[in-house]
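Down below is the structure, laid out as structure tokens.
Readers should treat all values here as calculations from the given coordinates under stated rules, not as data from a laboratory. All of these numbers come straight from a predicted model, not from anything done at the bench. In this analysis, Cβ positions are derived from the backbone assuming ideal geometry, glycine residues included, and neighbour counts consider all displayed protein chains.
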Amino acid sequence: MPLGLLFAKIMSHIFSFHKLFTGLFWVADGLSNQSFKSLTENTFVTTESGFGDIMETKFDNLPLLKYLEDHGVTLKDLLDTALELYIPHPGVETREKAVELFKAGFYDALTDVNVSVLEVACFRAEEDAQAGRVPLLPAEQFKGRPGLIVDELLGMTIANYIAGARGIFEFIRYDQSKPGILRKLGPIANDAIGGLIAGVSSRIYSGALEKQKLEESEKK
């Protein structure tokens with residue numbers, strides 16, 4: 001199949017899944033002005049004023065994080081996996097700064113009901129597929145994965161929901177490298193978590209760049 005046609009089919013699937021799960025498609029940069037403004041203000045301002053200490057306490061009461069922990073994915077796993085592909089960016093020059101921003105980003109994502117529905121749906125699909133309960137997908141085929149592409153589509157959908165089209169490209173980076181916890185999870189679960197990490201990562205780097213541009217424009 002020609003590469004252009006394959007890409008078009010993949011994007012068509014992404015759009016369909018996104019509309020199905022969220023009822024909303026954020027094109028191009030993926031974020032509304034209001035949500036992007038909220039991210040840059042809340043994440044970057046509060047991080048610089050000791051936000052990390054507050055975050056540690058708030059994470060203790062997140063139902064979605066507890067669900068992920070029950071399925072073998074901790075906050076430390078999310079942070080360690082995200083940082084394996086860390087690249088210094090303007091506004092995220094050090095790993096220490098990246099850790100604080102990732103914590104804020106994960107908190108934002110893990111308190112979003114749509115992210116929760118998507119993650120739980122993926123883990124339930126993983127469990128059903130492993131047990132052979134998915135019609136047309138015998139357990140043996142699931143383990144070998146011939147013809148299965150929906151796992152990547154679901155991961156892209158999660159990344160796209162969190163960060164828009166930029167999140168999809170970040171997802172591909174994590175999906176190809178399979179860092180950290182992604183190597184230990186099943187076919188659907190690893191893409192669900194990969195999409196979560198990629199979406200948060202994309203928003204953080206985009207937010208840092210936007211914040212820097214804003215500060216430079218204010219100096220002029």
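How long are the semi-axes of the equivalent ellipsoid of the stretch 106-220, taking √(5λ) for every eigenvalue λ of the Cα gyration tensor, in whole Å from largest down?
33, 13, 10
Can you compute the FRET efficiency between residue 219 and residue 140 using 1/(1 + (r/R0)^6), with r the Cβ-Cβ distance and R0 = 41 Å? Round to the nearest 0.05.
Numbers: r = 62 Å, r/R0 = 1.51.
E between residue 219 and residue 140, to the nearest 0.05, is 0.10.
Working out 0.36 nm times the residue gap between residue 60 and residue 212, then minus their Cα-Cα distance, what length gain in nm do you get to one decimal?
So the chain would gain 51.5 nm between residue 60 and residue 212.
If you average the C-alpha positions of the stretch 120-193 and of the stretch 68-85 separately, how far apart do those two centres end up, in angstrom?
If you average the Cα positions of each part, the centres end up 16 Å apart.
Taking the Cα centre of the stretch 60-139 as origin and charging only Cβ (+1 Lys, Arg; -1 Asp, Glu), how large is the dipole, in debye to the nearest 20?
100 debye
Arrange the following residues from fewest to most other Cβ atoms within 10 Å of their Cβ: 214, 136.
Placing the least packed residue first, the sequence is 136, 214.
Suppose R0 equals 45 Å; then what is the FRET efficiency for residue 121 and residue 93 from their Cβ-Cβ distance, rounded to the nearest 0.05?
0.75
Taking other Cβ within 10 Å of each residue's Cβ, how do 151, 128, 191, 108 sort, fewest first?
Arranged by neighbour count, lowest to highest, 151, 128, 191, 108 become 128, 108, 151, 191.
Run the numbers on the stretch 107-198 and let me know its relative contact order in percent, using alpha-carbon pairs under 8 Å that are six or more apart. All intermediate terms of the calculation are to be shown ahead of the outcome.
On the way: 96 pairs, mean separation 30.6, N = 92.
About 33 percent, as a whole number.
Can you put 162, 188, 168, 87 in order, fewest other beta carbons within 10 Å first?
Numbers: 162 30, 188 26, 168 22, 87 9.
Neighbour counts put them in this order, fewest first: 87, 168, 188, 162.
Please list 195-203, 140-148, 153-161 highest first by mean number of surrounding beta-carbon atoms within 10 Å per residue.
Highest to lowest by the protection proxy: 195-203, 153-161, 140-148.
Sticking with the crude label model, points 7 Å out along Cα→Cβ, report the distance from residue 131 to residue 172 in nm, one decimal please.
3.6 nm
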